[in-house]
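S.K.: After the structure tokens below, expect a handful of questions from me.
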Amino acid sequence: MTDNPLRLLLGFDAQARRDHSQPAAFLHRRDRKFALVCREQGLAPEAARWLTHLNRLSGPDATPSAAEQTLGFWRRVSVGFIAAGLIIGVLTMTGLLFYDGGQRINITVLLAFVLLQLVLALFTSVQALAGWQPWHWLLRRFPASPGNGVNQRVSQGVIRKLHPLLMAKAAHLGGLCFALSGLGTLLAMVVVQDLAFGWSTTLETAAVSYQQLIRIIAAPWAWLWPGAAPDLALVEATRFFRAGTETASADPALWGQWWPFVTMLWTTWVLLPRLLLWLLATALIRQRARRLLTSHPAMHALLYRMETPALDTGSDHNDADDLPDTRIRNNLLPLPDSDTLLCWAGAGEPELPEALRSGKQRILRAGGRASLTDDEQTLNQIADHLKTRDNAVILLTRCWEPPTGELHDFLDAARDLWPGGTQVALVPLAADSNREPDAHQIQPWLRFSERFSNDFVRVSLPPLHGQPPDAVRGEYP
């Protein structure tokens, strides 16, 4: 396992979510044994070593992991920004330095464009640090983990907290390539063309005032390259006015002496800020990934299992004379008033009962034959709807099918994405819509709902024909 903090965080989160389906006793024995082996070898039981150990036990996997797919998506995003930056940089610099032998290239326009680039670079970093995501619609359109399966869904909850910084890093990388290609184009055009620079403005600006502005801008490199800091004589000699008002004393040989200043201007105020901000974004991603890994709830549970001795009595009860837990849970709730109906894995086919279909503005489907992309689009649609209206979603399932890990991962992703306080009313449907499910078919779903904290998922019975939707029936003592 690499020491890359982001890769380590994604791999740990994926493994922690897979461990949800394992018995607690098995996890305790597995992790406690790993800690004891590390102690014997004089090694620290770190998260990276723990993941390497589990990967070695599970063997090679033909399909890429969730961490690899997520990182691959962001690599593709970075490549897209790089390609766009290189192309746009060449076109932009070519346009800024266009000279047809008539009007000269205005230094004032170049100063304004460099200021715009500096503002855009700073704005990108500020919005990332503030957590603002004006481009979240782009990530919804192109999900980070394409494909089907449970494993691709696991890292989206934790990676979403890093989206602003990851996008800022990609944008700064694109801006850096923009600056490099622009600088290369500038140097190439200086060699192959006779560029003529000058300065002009509609404002009543004296050459002395303009030269003071140039001196302030060139202060970072004036000590290193004095020729790249124009003096007052060059500023006075290269001012031009409206077409047809060129003075006879103008010396065309001076028009090209601005190129060192333009080169250093672009390098110092466009290229270097992008490079520094890209390095800053990279460092912040690593720092935040380490912090998220340290504060991950599964990390605290893992450390507890490693430090606590495991006592295996062969029974989940403290007393061997205890009978198995045969108590039947009964925590059914009334069906909430919600206009969002979500059918999981073909539930309600071929036709929904009229009592459930009535009054529902949104009837969506997920799971089963639906792809992971379709599931993510459904989650996003419901999230947008919940921001303005209900705080509950009715989820239909088939009562004769046991709860699956895919449904658990789907609800985990929903809990991370949907607004706080949202509740899911899980409604198991019988094969006959006019009958309610049997008691033994309800119990697996009741136990399934107990895996979620804060009553995020509660079980309700479907309304029968002629009964109100909020009626609580089916007492299973």
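The values are calculated or read from the model by the stated rules, or taken from the named source; none is laboratory data. Just so you know, these numbers come straight off a predicted model, no measurement behind them. Cβ: placed from backbone, ideal geometry, glycine included. Neighbour counts: every protein chain shown.
S.K.: Against the conditions (1) surrounded by fewer than 16 Cβ atoms within 10 Å (Cβ to Cβ); (2) at pLDDT 80 or above; (3) over 30 Å from Asp432 (Cα atoms); (4) outside the structural domain of Phe34 (by TED's automatic domain parsing), where does Asp325 fall short? Just the number, please.
M.R.: Here Asp325 meets the rest and fails (2).
S.K.: Restricting to the stretch 112-134, count the residues that are modelled with pLDDT under 95, over 20 Å from Cys177 (Cβ atoms) and in contact with a helix residue (DSSP H, G or I) (Cβ under 9 Å, 6 or more places away or on another chain).
M.R.: Of the residues in the stretch 112-134, 7 are modelled with pLDDT under 95, over 20 Å from Cys177 (Cβ atoms) and in contact with a helix residue (DSSP H, G or I) (Cβ under 9 Å, 6 or more places away or on another chain).
S.K.: Answer yes or no: is there a residue in the stretch 211-219 that is at pLDDT 85 or above, farther than 18 Å from Val109 by Cα, assigned to a helix (DSSP H, G or I) and touching a helix residue (DSSP H, G or I) at 6+ places or on another chain (Cβ under 7 Å). Spell out how you get there, then give the answer.
M.R.: Restricting attention to the stretch 211-219, the residues satisfying the condition of being at pLDDT 85 or above are 211-219.
In the following step, the residues that additionally are farther than 18 Å from Val109 by Cα were identified as 219.
Narrowing the set further to residues that are assigned to a helix (DSSP H, G or I) leaves 219.
With touching a helix residue (DSSP H, G or I) at 6+ places or on another chain (Cβ under 7 Å) added as a condition, the list becomes none.
No, because not a single residue in the stretch 211-219 is at pLDDT 85 or above, farther than 18 Å from Val109 by Cα, assigned to a helix (DSSP H, G or I) and touching a helix residue (DSSP H, G or I) at 6+ places or on another chain (Cβ under 7 Å).
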